[in-house]
Structure formats: C-alpha cells, structure tokens
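Student: Structure provided below as structure tokens; questions to follow.
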Amino acid sequence: MAPLSKLSPLIRFCLGAFLLLTLAGCWDRRELNDVVFPLASAIDLEPDGKVRVTGEFPIVSRLGGESGQGGGGGKPYFIESEKGETARDAFAKMQLRLSRSLNVSHRRVLIIGEDYARQGIRPIFDSLGRTPDIRLNGFLVIAKGKAYDLIKSNSPMENLTAEPLRELVKELAGSRANLKNIAMGLGGEFGDPIIVYIGSIPNEKGTGKPTIGLLGYAQLHDDKMVGSFTDDLVEGISLLINTVPAHVITAHMENKAPISILLKEGITKINPKPGPGGKLRFDIQTTARGVLVEDRSGLDLNSKEAVEKIQNAVSQKLKSEMTQSLKQMQAKQTDSVKLGNKVWQRYPRIWKDRYASDWGSSLQNAEFNITVRSMIGVTGMTAENIARRARK
C-alpha cells in the first residue's frame, strides 16, 4: 500500500472527511445543569377523578453541608405537584413550571396513594413500560392515605424523603418490591401481589412531627388493594412467602412473662393435597431460627426443659400469626402466597379440571395444617441475668 504522502490530494481529503464523520460526538447531549431529577414521585386519585402527581426534587447546591444543614441553608429539596387526566399528562403540566428538563431515570421510589391503589394500579405500568428514561429497579410502595402527604412527611435522620423510604423497603422486602417484579406479579397467571405499605407514624409522646414508618404489606386482589397485612400479620405473611428479615419478636411464656427473640431465619415449605369432593388441604412446615435477646421469665436457661418452653412459646406465636394471615387471605379471596401455583406445579391436570375456573372459592374452603419448629440455640454470653442475686 502506498504511503499516505504519495496519495493524491483528493483521496487524502476524502479519507479525512470520512474520519470526521466517525467523530460526531454527543449530538443530543443535555447538560446536567439543564436537567432536574425527582428522587421520589407520588400518584394520587383526586375526588374529581383526575390524577395528581407530586415530585420531590433535590436542590444540589444545598446538599452536603455540615450537620445536615446543606451547603446553602434551607431545605435541600422542593416539592412540585400537578394534576391531569393521566399521570403523564400531569407530568407534562408540571414541566411547564420547571426551568429544567424533567428526567425520572434516577427515581428511587414511586408512591401510590391508597385511593388510587383501591381502584387498580395496573394503568400506571402502561406509562412505565413506554418511557425509556424510567428504570424498573426503583421501588413501588402504597401509602396509607394520600401519597402527597407522605412525600412531605418528616425524616429526622435524612435530608430527603426518598432515602428513608428506600431503606425501609429494602429492609422489609428487598428486590421483591421493585417495579419489575411487581409488574411480573401482576402479569403472572398465579397469585396476587403484596406491596410494601408505608404511612406517617405519630410521635409516641405527641412531640415533633410524624415520621415515615413501615406499616406492613398492602393486600391486593388482582391489581386492586382490598386490605393490608399489618402488626402481627406482617410476620405471618413474611413467613409464608419466605422473606423474613432479621428482626426482634416478643412471645409470652405460660406465666405471661415476655421474652424477646432475634428471629434470624424462617423457612417454610407448603405441600398441597387434594381431598375428597375437591377440598384442598395444605401442609405447611416452618423452621424458625433465632437468638434470645431478653428474658423476663426467670427460667434457668441452663436446663433443656426451659429452652424447650421458650421454643414452644415462639412456635405458638408464629403459628398463630400465620393462621391469621391465611384467614385474611381466605376472607378477601386473595392468593398472596401463590398457593394456586403450588397446586398447579404438583397436580397440573387436577388444577385445570377442578380449581382453575373458580380458585377464589376453592381457596376459601381450603384447610391448613401448620407445623412450626423453632430453634433458639443461643442464649447470649450467659444463661442468666448478670445482675441476678446468687442462689444460696
């Protein structure tokens, strides 16, 4: 091949022009100074049937200051809200008041108001699937009351509402609560999804503003909220779906004395068994493992009998919570545990012939045989209270 210096000027010009075409650069770039990113969004249903969208937008210049005050003083975020015929319509109207281009690619949490959730959340996913900026690894939660009020709630430990929301959801449900997995649950053939339920919790002594807190799970039938798993039912449903975060539970002994256990693991196996007349029975076996963190019973934990009593107390509590959760599922005709999928996997023909056409009624009539085995194997550094008076 001839050296470049020996090529004709025309050929050299054409080669140079061709190389320039490969260096087009970012022709559609947008500067960060021209974009605004909502870290949390809220969607509510208005009394007139319109959709209200609210966004929490960080003010970068006020973030990162000493003692959480921000670099420029004042709140490190601002709230914008607008309503429209659809969520996208409301976002478009909101854009008219923003001097920067709205981009939702960094949104961490999408909050749905309870009124909207009760009429059905499936329409939201139409917009999410059509917008390339939206990442489906963000979390979806349902707010008790208005999502607009929740996004304005106080968070004493964080500058932004989105951050405590994200951490609370991760603690309870992890990746199960992201948009992708919830969409797959709504589109699946079996079961009804449960979604993290968040609310504003008043201060215990009535001082200060209410703070954001976990309430449990919203219970859905298809895509509509019909109830909630709160208080002890949260533990029951978490055991049934095998997503138990490490947390402390309190049970009571025969003498009513409380004991607190750090529950570290809960594994549940569910086996369906069709019975005569089409009635179903589910054998549920749960193994729970934990550590005793506080004992008010006064038992001598060096003895095997005392440890067995503690384990029995914990097992009875967990069994009661699981039973209550299943009864609520039956009452609302929701398959929050995907029991139908377990029947189909083991008995596909029986599922098709007997249960597929009217699964809600079959679930209402089902029986549950629950067995819980608790293993409390560690009592801490000592078996007794370190301040207990020595026996004579």
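The values are calculated or read from the model by the stated rules, or taken from the named source; none is laboratory data. This structure is a prediction, so every number in the text was calculated from the model and none was measured. When we count neighbours, we look across all protein chains shown, and the Cβ atoms used for this are built from the backbone with ideal geometry, even at glycine.
Student: It is to be established whether one or more residues within segment 300-322 are among the hydroxyl-bearing types (Ser, Thr, Tyr) and free of Cβ contacts under 8 Å to residues at least 40 places away in the same chain.
Tutor: Yes, segment 300-322 has at least one match.
Student: Please verify whether segment 148-168 includes one or more residues that are part of a strand (DSSP E or B) and over 25 Å from Thr243 (Cβ atoms).
Tutor: Checked against the condition, which is being part of a strand (DSSP E or B) and over 25 Å from Thr243 (Cβ atoms), segment 148-168 yields at least one hit.
Student: Tell me which of these Gly277 doesn't satisfy, since it passes every other one: (1) over 20 Å from Ile194 (Cα atoms); (2) touching a helix residue (DSSP H, G or I) at 6+ places or on another chain (Cβ under 6 Å).
Tutor: (2)
Student: If Lys327 passes every condition in (1) of a type outside the set (Asp, Glu); (2) in contact (Cβ under 8 Å) with a residue 40 or more places away in the chain; (3) part of a helix (DSSP H, G or I); (4) closer than 26 Å to Glu235 by Cα but one, which one does it miss?
Tutor: (2)
Student: Identify, please: which residue in segment 354-392 is part of a loop (DSSP other than H, G, I, E, B) and touching a Leu at 6+ places or on another chain (Cβ under 6 Å) and is, among those, modelled with the highest pLDDT?
Tutor: Ala366
Student: Another question, then. Do you know which of the residues in segment 2-38 that are aromatic (Phe, Trp, Tyr) and modelled with pLDDT of 75 or more is nearest to Val53 (Cα to Cα)?
Tutor: Restricting to residues being aromatic (Phe, Trp, Tyr) and modelled with pLDDT of 75 or more, the top hit is Phe37.
Student: Of these, Ala143, Ala177, Ala173, which one is farther than 26 Å from Glu265 by Cβ and surrounded by 19 or more Cβ atoms within 10 Å (Cβ to Cβ)?
Tutor: Of the residues listed, the single one that is farther than 26 Å from Glu265 by Cβ and surrounded by 19 or more Cβ atoms within 10 Å (Cβ to Cβ) is Ala143.
Student: Here's another thing I want to ask about it. On the given criteria, is Ser228 assigned to a strand (DSSP E or B), touching a residue at least 24 places away in the same chain (Cβ under 8 Å) and hydroxyl-bearing (Ser, Thr, Tyr)? I'd like the intermediate steps shown before the answer.
Tutor: Numbers: assigned to a strand (DSSP E or B): yes; touching a residue at least 24 places away in the same chain (Cβ under 8 Å): yes; hydroxyl-bearing (Ser, Thr, Tyr): yes.
So Ser228 passes the test.
Student: Given the criterion closer than 29 Å to Glu265 by Cβ, modelled with pLDDT of 85 or more and surrounded by fewer than 17 Cβ atoms within 10 Å (Cβ to Cβ), identify the matching residue among Met184, Met157.
Tutor: Unique residue meeting the criteria: Met184.
Student: Which residues, counting only those in segment 143-153, are under 13 Å from Tyr77 (Cβ atoms) and in contact with a Ser or Thr (Cβ under 6 Å, 6 or more places away or on another chain)?
Tutor: Here is the first cut: in segment 143-153, the ones under 13 Å from Tyr77 (Cβ atoms) are 151-153.
Ile151, Ser153 - these are the residues of segment 143-153 that are under 13 Å from Tyr77 (Cβ atoms) and in contact with a Ser or Thr (Cβ under 6 Å, 6 or more places away or on another chain).
Student: Given (1) over 14 Å from Asp335 (Cβ atoms); (2) touching a residue at least 12 places away in the same chain (Cβ under 8 Å), identify the lone condition not met by Pro202.
Tutor: (2)
Student: Can you confirm whether segment 84-107 contains a residue that is assigned to a loop (DSSP other than H, G, I, E, B), among the basic types (Lys, Arg) and crowded, with 20+ Cβ neighbours inside 10 Å?
Tutor: yes
Student: For segment 342-353, which positions are surrounded by 17 or more Cβ atoms within 10 Å (Cβ to Cβ), assigned to a helix (DSSP H, G or I) and touching a residue at least 60 places away in the same chain (Cβ under 8 Å)?
Tutor: Lys342, Val343, Trp344
Student: Moving on to the next point. For segment 266-316, give me each residue that is under 21 Å from Lys327 (Cβ atoms), surrounded by 13 or more Cβ atoms within 10 Å (Cβ to Cβ) and among the polar types (S, T, N, Q).
Tutor: Thr268, Gln285, Thr286, Ser315, Gln316
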